[in-house]
Amino acid sequence: MGENATRLAYLVTIVTFILALRFLSNPAHARRGNQIGAVGMLIAIVVTFAQKSIVSYWEIAAGMVIGGGFGAVAARRVKMTAMPQMVALFNGVGGGAAALISLAEFHRLAPPSGDLQRDISSSIILSALIGSISFAGSLVAFAKLQELIRGRPITYPGQKVANLLLLAACVAAGVAIVAGAERQWLLWALICGAAAFGVLFVLPIGGADMPVVISLLNAFTGLAAAATGFELENNVLIVSGMLVGASGTLLTLMMGRAMNRSIANVLFGAFGQVSAAGATAASDGTGSVRSTTADDVAVMLGYAQKVVIVPGYGMAVAQAQHDVRALADLLETRGVEVTYAIHPVAGRMPGHMNVLLAEANVPYPSLKEMDEANAEFPRTDVSLVIGANDVVNPDARNNAGSPIYGMPILNVDASKTTVVLKRSMNPGFAGIDNPLFAEPNTLMLFGDAKESVGRLAAAVKAL
């Protein structure tokens, strides 16, 4: 394939990736964005196969079959509750691939077998460093989300100083390579050190901050891919990597803002660490919790004018999104206005609740972002909180001693009645009590979310 034709085809691929990102920014058009991105990737693969520099077609084909087969099976079989883990794992695979390519390119270009120029060596060091951090950090995030290791922050004395020294050593090794110390063991040391830093970097981050960490690691993988593009002189990798890096960085900043916390606090604050003092400060322990039954809640729902459903991770765990949609349909046939209030950090990854509700074919106009939803709560008859905890905790608004003070929340307590569906009184990811449960206008419906919503739907149908 000619050079000009290759560049033109790659340009088409770049345009499709930009369009895909544009469509993915809106859940109503996200499916189309995925399709456009897939077409662009197919074009890139076909063009790459047409290059005369290909050494072994069957090895590439074998890798595609193995990787593509794993991806196809994972995409079909992984439950929506495990989607954050899969995203973290795929992030790590991308970063690891960038690190391996940097190692191969260094071996190919470094003397005496080649000529390693400063600009290429800089790209190799960046992709090895960032890719290794992303790979190892994503594996730790996966292990935390999969509960292979505890989700609480894992800290040790002198942790920040040790991490800083380790990162400085990795950077020093990279600088030495760029300066001319072209030794294979130096790059190996850099990759191993960066991987260790990735592990130590994510271990102190609690489960409540996993959505932000996943987004940040996604940005790291994009930057590593862009650096790999400079190594291989491939414009598609450069542009697509920078698109991922830029969008991941923006999403990280937006999610930090949604929690009213700096990114530095997310990464180094060990948020979610068990603290008796913090738990005591979070709630004064006064008030009593009132439990209710599905029949009583069904009466309130069936004769309400406006109901707002607030989904959380508990809904994801119970796989209750289809039952929630069925309940909403029943209410709407009775003339009840039903909307969904979506907090930006509800769940364990960005857009987790949007994905779950889209799977249940909930109409996108019914999904209300936090600011729009908060304006509607004062005229809401019943807010139905399904498995959400920290994102509806009034201490974020009222208690300056709470660890989540200042975090924007969904003001469900402004509703006439709040019904909370929850398995038990256990705290959420933040590890603190929620005074919402003891409010005089709050009722608790205990049990599995899927079973509870099913009982509600049956009771509403019987009205």
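Readers should treat all values here as calculations from the given coordinates under stated rules, not as data from a laboratory. Note that the structure is a prediction, hence the values are computed from the model and not measured. Note that each Cβ is placed from the backbone with ideal geometry, even for glycine, and that neighbours are counted across all protein chains shown.
If we sort 211-218, 119-126, 400-407, 56-63 on the protection proxy, mean other Cβ atoms within 10 Å, highest first, what's the order?
Result, highest mean Cβ count within 10 Å first: 211-218, 119-126, 400-407, 56-63.
In whole Hz, what ³J(HN,Hα) sequence does region 177-188 give by Karplus (6.51, -1.76, 1.60; θ = phi - 60°), x for Gly and Pro?
Each residue's phi maps through the Karplus curve to give 5, 5, 6, x, 7, 7, 10, 4, 5, 5, 5, 4 Hz.
Exposure proxy check: Glu3, Glu439 ranked by fewest other beta carbons within 10 Å?
Taking fewest neighbouring Cβ atoms as first place, the list is Glu3, Glu439.
Can you count the Lys pairs in the chain with C-alpha separation below 19 Å, eight or more apart or on different chains?
Lysine pairs meeting both conditions in the chain amount to 8.
Which FRET efficiency, nearest 0.05, do Val299 and Arg183 yield, Cβ-Cβ r, R0 51 Å?
Computed FRET efficiency for Val299 and Arg183 comes out at 0.10.
Can you give the local net charge around Leu129? Use residues other than it whose beta-carbon is closer than 15 angstrom to its beta-carbon, Lys and Arg +1, Asp and Glu -1.
Spelling it out: positives minus negatives among the neighbours equals -2.
Highest mean first, how do 313-319, 167-173 rank when packing is the count of other Cβ atoms within 10 Å averaged over residues?
Ranked from most to least packed, the peptides come out as 313-319, 167-173.
Relative contact order (percent) for region 1-77, with alpha-carbon contacts under 8 angstrom and 6 or more residues of separation?
Worked out over region 1-77, it gives 29 percent.
Treating the beta-carbon of each Lys and Arg as +1 and of each Asp and Glu as -1, no other charges, what is the dipole magnitude of region 1-77 about its Cα centre, to the nearest 20 debye?
The dipole of region 1-77 has a size of about 340 debye.
Taking θ as phi - 60°, what are the ³J(HN,Hα) couplings along region 32-38 by the Karplus curve (6.51, -1.76, 1.60), each to the nearest whole Hz, with x for Gly and Pro?
Result, rounded to whole Hz: 5, x, 4, 5, 5, x, 5.
How far is the Cα center of region 57-98 from the Cα center of region 213-261, in Å?
Cα centres, region 57-98 to region 213-261: 19 Å.
Which peptide among 409-420, 295-306 comes first, and what is the full order, when sorted by highest mean count of other Cβ atoms within 10 Å?
The densest-packed peptide leads the list: 409-420, 295-306.
Could you work out the relative contact order of region 82-268, using alpha carbon pairs under 8 angstrom and six or more residues apart, expressed as a whole percent?
28 percent
What's the exposure ranking of Lys422, Lys79, Lys52, going from fewest to most Cβ atoms within 10 Å?
In order of increasing Cβ crowding within 10 Å: Lys52, Lys79, Lys422.
Using the 10 angstrom Cβ neighbour count as an exposure proxy, how do Arg152, Arg334 rank, fewest first?
The order, fewest Cβ neighbours first, is Arg334, Arg152.
Just the Kirkwood number for the chain, please: inverse of mean 1/r across all distinct Cα pairs, in Å, one decimal.
About 24.1 Å, per the Kirkwood formula over Cα pairs.
In deg cm²/dmol and to the nearest 500, what is the mean residue ellipticity at 222 nm of the chain if only DSSP H runs of at least 4 residues count, each as -39500 (n - 2.57), divided by the residue total?
-20000 deg cm²/dmol
Could you work out the relative contact order of the chain, using alpha carbon pairs under 8 angstrom and six or more residues apart, expressed as a whole percent?
14 percent
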